[in-house]
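> There's a structure below that I have some questions on.
Computed from the coordinates by the stated procedures, all read-outs in this text should not be read as laboratory data. Quick caveat, the model's predicted, so the values are computed rather than measured. Please note: Cβ atoms are built from the backbone with ideal geometry, for glycine as well, and neighbour counts cover all protein chains shown.
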Amino acid sequence: MEMRRPREDDLVQAEVGGPVARLWLNRPEQRNALSLDMLEALGRALEEAGRAPGVRAIVLGGRGPAYSAGHDLREMRGAPAGEIEELFRRCEGVMEALHRLPVPVVARVHGVATAAGCQLVAACDLAVASEEATFATPGIKVGLFCSTPAVPLVRSVGRKRALEMLLSGRPIPAETALEWGLVNRVAPRDGLDLAIDDLLAPVLESSAEVVATGKRVFWQQVDLPESEAYGQASRAMCEGVASPSAREGFSAFVEKRKPRWPGA
């Protein structure tokens, strides 16, 4: 697909061309606050990038000094209940869509990621942060507990650490986010893209079919009871053994050669 040149007025700028699509939250003056319009634009951009021919991964970054400051409190203040409900439905839909995409989504975090911005990082499949990035769920400081950011956050860092962030509202630095499991890697700001490229390199060398199937099964089983999770995983393994990718991968291993993945 030919790369589309971003327009400066796009709420989400898309660079789609080659195996890695890059999406950029683009409300720098509002610190990339996740307004209803921004969430609608992000949902569309993710869907389009995820189904674009040849795309094997999506990197989600932000323009300006912040990754995302979360929901737009000015938009929420005084809004009717129906609009608030629509905002959170839309946000939930975007977070869940990240897991349904057939390619991994990497959060590229260069600045602050707070509240729903931190939620977005936690909901992405992978995350790489610059050394100066910070993460927080500070809703408690403005009288609104970050209940929806807590959903992916607790699944990333565990209960005690999630509650520490949620109850204190205090930001954690990138190195702590790495230690706690919120991000995969921390890099100097000028090395952020190199770190992402290194993280994605083995993904781009693998079978697209296997990555898509593996991601789907992972998110389906991850919160199930152990016996149910094993049931789903075992069925996926049995189906996988009979797949064209496995047949090619097994043959390449035995023949000591590089696999030629179907559809590559």
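> 7 Å from Cα along Cα→Cβ at both Ser147 and Cys238: what's the point-to-point distance in nm?
According to this spin-label approximation, the distance is 4.1 nm.
> Another question, if that's okay. Contour minus end-to-end for Glu83 and Glu255, with contour as 0.36 nm per residue of separation and end-to-end as the Cα-Cα distance?
Values: separation 172, 0.36 × 172 = 61.92 nm, distance 6.00 nm.
Between Glu83 and Glu255, full extension yields an extra 55.9 nm.
> May I ask you to compute the full-extension gain from Ala201 to Arg74, defined as 0.36 nm times their residue separation minus their alpha-carbon distance, rounded to one decimal in nm? Write out the running numbers ahead of the final one.
Numbers: separation 127, 0.36 × 127 = 45.72 nm, distance 4.07 nm.
My answer for the length gained is 41.7 nm.
> For the chain, what does the helix formula give at 222 nm: sum of -39500 (n - 2.57) over DSSP H segments with n ≥ 4, over the residue count, nearest 500 deg cm²/dmol?
Working: 11 runs with 131 residues, N = 264.
Only helices count here, giving -15500 deg cm²/dmol.
> Cα atoms only: what Rg and Dmax, in Å, come out for the chain?
So, for the chain, Rg and Dmax equal 19.2, 67 Å respectively.
> What is the chain's relative contact order, in percent, from Cα pairs under 8 angstrom and six or more apart in sequence? Walk me through the intermediate numbers first.
Details: 473 pairs, mean separation 36.0, N = 264.
Answer for the chain is 14 percent.
> Considering only Ala174, Phe218, Gly158, whose Cα is most displaced toward the positive end of the charge dipole of region 156-220, charges sitting on Cβ of Lys, Arg (+1) and Asp, Glu (-1)?
Projecting each Cα onto the dipole axis, the largest value belongs to Gly158.
> On a full-extension model of 0.36 nm per residue, what is the gain between Tyr230 and Ala246, subtracting their alpha-carbon distance, rounded to one decimal in nm?
On the way: separation 16, 0.36 × 16 = 5.76 nm, distance 2.00 nm.
Full-extension gain reported as 3.8 nm.
> Here is a follow-up. Would you please put 181-189, 101-109 in order of how densely packed they are, using the mean number of other Cβ atoms within 10 angstrom per residue and starting with the highest? Let's see the in-between values first.
Working: 181-189: 18.4, 101-109: 23.6.
Top of the packing list down: 101-109, 181-189.
> Quick check on the exposure proxy: order Arg89, Arg27 from fewest to most C-beta atoms within 10 angstrom. Don't jump to the answer; show the numbers that get you there.
On the way: Arg89 12, Arg27 22.
Going from least to most buried by this count: Arg89, Arg27.
> Okay, next question. Among rounded, prolate and oblate, which fits region 1-126 when a ≥ b ≥ c are the square roots of the eigenvalues of its C-alpha gyration tensor, a/c under 1.5 means rounded, and a/b larger than b/c means prolate? Don't skip to the answer; put the middle values down first.
Values: a/c = 1.75, a/b = 1.55, b/c = 1.13.
Prolate, since a/c reaches 1.5 and a/b exceeds b/c.
> Now for a separate question. Below 8 Å between Cα atoms, with a sequence gap of 6+, how large is the relative contact order for region 90-207 in percent?
Rounded, it is 26 percent for region 90-207.
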